[in-house]
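Undergrad: Mind having a look at this structure? Questions to follow.
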Amino acid sequence: MTANQTKLTSLARQSERSKQIKLAKQRDTSQLAVSLVAYVFIGAFALFCFIPFWLVYIGSFTAESQIVQGFRMLPTKFTLDAYRFLLQGSQVYQSGFVSVFITVVGTAGAVLITSMFAYVAAHPKVKYRYVLSFYIYFTMLFPPGLVGYYLLISNWLGLRDSLLALLLPLLFSAFNSFLMTSYFRTLPFELNEAATVDGAHELYIFFRIIWPVSMPVIATIALFYALSYWNDWFNALMFIDDPHNQPLQMMLRRIVSNSQNLDYLNTNVNIPVSATGVQLSAVVITIGPIIFLYPFLQRYFIKGITIGAVKG
Amino acid sequence: MRIWRELRKNKWLYAMSLPVVVYVFIFSYVPMSAHLLAFKQFSPGKGLWGSEWIGLDNLTFFFTGPDWLGVTVNTIYLNLLFIAAGTICSLCIALLLNEIRHAYFKKVSQSLVILPHFISIVIVNLMVINFFNGQDGMINRIFSQLGFEPVNWFQTPAVWPCLLTIIFVWKGAGWGSIIYLATLTGFSEEYFESARIDGAKRLQQIWYITLPLLRPTIIVLTLLGLGRIFYGDFGLIYGIIGDNSLLFNSTDVIDTYTYRSLRSTNMNSYSNAAAVALFQSVMGLITILFFNWVVRRVDNDSKLF
C-alpha cells in the first residue's frame with residue numbers, strides 16, 4: 001500500500017467515524033432494547049463471576065461461630081484469627097518460597113527459550129522453519145500420555161521430590177510458542193536485514209532489536225507462564241511427597257483434603273479456629289499476588305493475545 | 001549435503017532453537033515410547049525395554065473390561081456439554097460486551113468475567129466443596145430458605161454433568177470471549193452501516209452480519225475443542241470428585257481412570273494405564289484429522305491445517 005492510499009483510507013475512516021457518531025445519536029428502539037439486555041446480562045454474569053471471591057474473602061475474616069452458619073455477603077464478626085493461625089506455622093512460608101521460586105525462575109527460563117524458538121520459527125532466512133513448527137505441532141496432535149510422562153519424570157530422570165520436577169515440565173508450551181511465532185511474523189523483516197548489513201550478530205539482533213519491539217507479546221507470554229507455574233498443582237500431586245518442597249497450591253489441597261489435620265501447617269499456637277476459616281484465609285493468601293498483578297497486566301495481555309490470534 | 005550447508009549458514013539461528021528442540025525431544029518424544037508398554041508386561045526391575053512382549057493382552061483386557069465404555073462415553077458427553085455451553089456463553093458475552101458503550105462499565109465487567117480464568121483449579125475446587133458441602137453448604141442453605149428440599153450433592157451423580165458445566169462456564173467463558181471480541185472489533189463498519197440504511201434492526205444486524213462474519217472463528221475454536229474430546233479436564237474433575245466412587249457413574253473420565261489405574265497397587269498397573277493412554281492418544285489423533293477433513297469439505301477457509 002502506498003503512502004497516498006493509506007492517507008486516503010484514513011481519511012475515509014475519519015468521515016465514517018463522524019457518520020457513525022451521528023447515527024449513534026439517533027439510536028432506534030431496537031438498539032435500546034439490545035443495550036438493555038447487554039447491560040443486564042453482562043452485569044449479572046460479572047456478579048456471578050465475582051461473588052464466590054467475595055464470599056471467600058469475607059469468610060476468611062469472619063469468626064468461627066459465624067462461619068458455621070454459612071457464608072455472608074457482609075462480615076458479621078470481624079477477626080484475624082485464621083490468618084494469625086496460618087501465618088504462625090512454618091509451612092506457609094516454606095510453600096510460599098517454593099511457589100515464588102518456581103514462578104520466577106521458571107518464567108524467566110520459559111520466556112527465554114520460547115521467544116528464541118518462536119523467533120527462529122518465524123525467521124524468513126531459516127529454511128527449515130516449517131519443519132521446526134511441525135516438530136512442535138506434532139506433540140499437540142499426538143500427546144505422549146500420562147504413563148510416559150510419569151515414567152519420564154519419576155523413573156528415567158529421577159526427579160521425584162525435587163524442585164526440578166516442578167520447574168522442568170512447564171518450561172515450554174506449544175501454544176505460547178505459536179502465539180509468539182505469529183507475532184514475530186508480523187514484524188518487518190527489514191529491521192533484521194538492516195542490522196545484519198551493519199554486521200550485528202544474530203544474538204545481538206534478537207536481544208537488542210527484536211526484544212524491545214516485542215514487549216507486549218513477551219509480557220503476555222510471561223504472564224501466561226507465570227500463571228501456569230503459580231497455579232500448578234498437578235506436578236506436585238504426582239511427584240512431590242516431601243512437605244518441604246510443596247508449593248502453595250498443594251498446601252491448600254492438603255488443608256482441604258485433611259481438614260481435620262491442621263498439624264500439617266507446623267503451627268504450635270493454640271488459637272481456636274475452624275478448618276474452614278483456615279482454608280479460606282489460605283485461599284486469599286494463594287490468590288494474593290495474582291489479584292495485585294492483574295489490573296496492571298490486563299491491558300497488555302488483551303492486546304498481546306489479540307495480535308497473536310487475529311493475525312495468526 | 002544441502003541440510004548441512006543450511007545449518008552451517010544460519011548456525012546461530014538454529015542454535016537459538018536448540019534448547020526447545022532438545023527439550024521437546026526429551027519431554028514429548030521420549031515419553032511416547034511408553035505407549036509400547038501397552039503391548040508389554042511391565043516389570044519395574046526390567047524397565048520399559050526389558051519387559052516382555054505380550055501382544056494385545058492389555059488392550060483386550062481394557063476393552064473387554066466393564067469400564068471402558070462408561071469412561072469413554074462420560075468423557076465425550078462432558079466435553080460436548082463443555083464445548084456447547086462454553087462456545088455459546090463466550091459468544092454471547094462477546095456480542096453483548098460489544099454493545100456496551102459505557103467505557104467504565106465495560107472495563108470493570110470485562111475484568112470481572114475474566115478473573116476466574118486466573119485462579120488455580122485447586123481454589124475453584126475448594127469453593128465448590130464449600131458451597132455444595134452437605135447440609136450446611138451455601139447452596140443448601142439458600143434452598144432451605146426458599147423452601148426447597150436440600151440436595152445431597154456429593155451423593156447424587158445425576159446433577160454433576162450440569163454442575164461441572166456451570167463451573168466450566170464460570171471459569172472459562174469470559175476468557176474465551178476475548179478472542180471473539182478481538183475478531184468482532186476488526187469488522188469493517190461499512191457492513192453495519194449499509195444494513196442500517198436498509199432498515200435492519202440491531203438484532204438483525206447481529207444475526208445476519210456479525211454471526212456469519214464470526215463463523216470461521218467459531219468453527220476453528222470448536223474444532224480445537226473437538227480435537228481434544230477424548231481428554232477429560234483432569235484438574236476440574238479429579239479435584240472435585242476425587243476418589244468419590246459414588247459419582248463415578250456420571251463423572252469418571254479417561255484421564256481420571258488412567259490416573260487411578262496408574263496409582264493402583266496392581267503389579268501390571270503401568271501396562272493397563274498405558275493401554276488406556278494409547279487408546280486416548282490414537283483416538284485424539286483420529287478425531288482431529290477427521291474433523292479437519294470435514295471442515296475442508298464444508299468450509300475450506302476454516303480448516304486447521
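Undergrad: Report, by residue number, each residue of region B:203-239 that is within 18 Å of A:Ser35 (Cβ to Cβ) and either without any contact (Cβ under 8 Å) to a residue 12 or more places away in the chain or aliphatic (A, V, I, L, M) (or both).
TA: B:Leu203, B:Gln204, B:Ile206, B:Trp207, B:Ile209
Undergrad: Still on this structure, I have one more. Restricting attention to region B:22-34, does a residue exist that is more than 16 Å from A:Phe138 (Cα to Cα) and either of a type in the set (Lys, Arg) or crowded, with 17+ Cβ neighbours inside 10 Å (or both)?
TA: For region B:22-34, residues more than 16 Å from A:Phe138 (Cα to Cα) and either of a type in the set (Lys, Arg) or crowded, with 17+ Cβ neighbours inside 10 Å (or both): present.
Undergrad: Within region B:227-253, count every residue that is open to solvent by 30 Å² or more (accessible area, probe 1.4 Å), touching a helix residue (DSSP H, G or I) at 6+ places or on another chain (Cβ under 9 Å) and assigned to a helix (DSSP H, G or I).
TA: 3
Undergrad: Follow-up question, since we're still on this one. Name the residue that is farthest from B:Leu115 (Cα to Cα), counting only residues in region B:206-216 that are open to solvent by less than 50 Å² (accessible area, probe 1.4 Å) and more than 9 Å from every other protein chain (Cβ to nearest Cβ).
TA: Per the stated criteria, the residue is B:Ile209.
Undergrad: Related question: Pick from B:Thr60, B:Thr75: which is closer than 30 Å to B:Phe39 by Cβ and without any contact (Cβ under 8 Å) to a residue 40 or more places away in the chain?
TA: Of B:Thr60, B:Thr75, the one residue that is closer than 30 Å to B:Phe39 by Cβ and without any contact (Cβ under 8 Å) to a residue 40 or more places away in the chain is B:Thr60.
Undergrad: Could I ask something else about it? Among the numbered criteria (1) over 24 Å from B:Thr287 (Cβ atoms); (2) touching a residue at least 12 places away in the same chain (Cβ under 8 Å), which one does A:Ser133 miss?
TA: Condition not satisfied by A:Ser133: (1).
Undergrad: Turning to a different aspect of this structure: I'd like the full set of residues that are within 9 Å of chain A (Cβ to nearest Cβ) and either open to solvent by less than 20 Å² (accessible area, probe 1.4 Å) or at pLDDT below 85 (or both), limited to region B:254-271.
TA: B:Thr258, B:Tyr259, B:Leu262, B:Tyr270, B:Ser271
Undergrad: So, one more: Mind listing just one residue for me: the one in region B:170-187 that is facing chain A (nearest Cβ under 9 Å) and out of contact with any Pro (no Cβ under 8 Å at 6 or more places or on another chain) and, of those, most open to solvent (accessible area, probe 1.4 Å)?
TA: Among those residues, the one meeting the criterion is B:Thr185.
Undergrad: To continue, here is another question. Could you figure out which of (1) more than 8 Å from chain B (Cβ to nearest Cβ); (2) β-branched (Val, Ile, Thr); (3) surrounded by 18 or more Cβ atoms within 10 Å (Cβ to Cβ) isn't true of A:Val104?
TA: So the condition that A:Val104 fails would be (3).
Undergrad: Something else now. Answer with yes or no whether A:Leu8 is at pLDDT 65 or above and open to solvent by 100 Å² or more (accessible area, probe 1.4 Å).
TA: Taking the combined requirement at face value, the residue does not satisfy it.
Undergrad: OK, next. Filter region B:73-121 for residues that are away from every other protein chain (no Cβ under 12 Å), of a type in the set (Gly, Ala, Ser) and farther than 20 Å from B:Ile219 by Cα and give the result.
TA: B:Ala103
Undergrad: While we're here: Every residue in region B:158-187 that is of a type in the set (Gly, Ala, Ser) and in a helix (DSSP H, G or I), please.
TA: B:Ala158, B:Gly172, B:Ala173, B:Gly174, B:Gly176, B:Ser177, B:Ala182
Undergrad: May I ask you to verify whether A:Thr139 is part of a helix (DSSP H, G or I), within 9 Å of chain B (Cβ to nearest Cβ) and open to solvent by 10 Å² or more (accessible area, probe 1.4 Å)?
TA: yes
Undergrad: Wholly within region A:170-261, which helices (runs of 4 or more DSSP H) include no fewer than the required count, namely at least 1 residues that are surrounded by 19 or more Cβ atoms within 10 Å (Cβ to Cβ) and touching a Ser or Thr at 6+ places or on another chain (Cβ under 8 Å)?
TA: In region A:170-261, A:174-186, A:215-231, A:234-239, A:248-257 are the helices (runs of 4 or more DSSP H) which contain 1 or more residues that are surrounded by 19 or more Cβ atoms within 10 Å (Cβ to Cβ) and touching a Ser or Thr at 6+ places or on another chain (Cβ under 8 Å).
Undergrad: Can you confirm whether region A:121-128 contains a residue that is of a type in the set (Lys, Arg), farther than 30 Å from B:Glu6 by Cα and either open to solvent by 60 Å² or more (accessible area, probe 1.4 Å) or not in a loop (DSSP other than H, G, I, E, B) (or both)?
TA: no
Undergrad: Right, here's the next one. Among the candidates B:Leu126, B:Leu164, single out the residue that is buried (at least 20 other Cβ atoms within 10 Å of the Cβ) and without any contact (Cβ under 8 Å) to a residue 12 or more places away in the chain.
TA: Checking each option against the conditions leaves just B:Leu126.
Undergrad: Is it the case that region B:130-149 has a residue that's open to solvent by 20 Å² or more (accessible area, probe 1.4 Å), free of Cβ contacts under 8 Å to residues at least 12 places away in the same chain, farther than 26 Å from A:Leu248 by Cβ and touching a helix residue (DSSP H, G or I) at 6+ places or on another chain (Cβ under 9 Å)?
TA: yes
The values are calculated or read from the model by the stated rules, or taken from the named source; none is laboratory data. Here the structure is a predicted model, which means the values were calculated and not measured. Cβ: placed from backbone, ideal geometry, glycine included. Neighbour counts: every protein chain shown. Areas reflect the complete protein model, heavy atoms only, side chains present, ligands, DNA and RNA absent. Shrake-Rupley method; radii C 1.70, N 1.55, O 1.52, S 1.80 Å.
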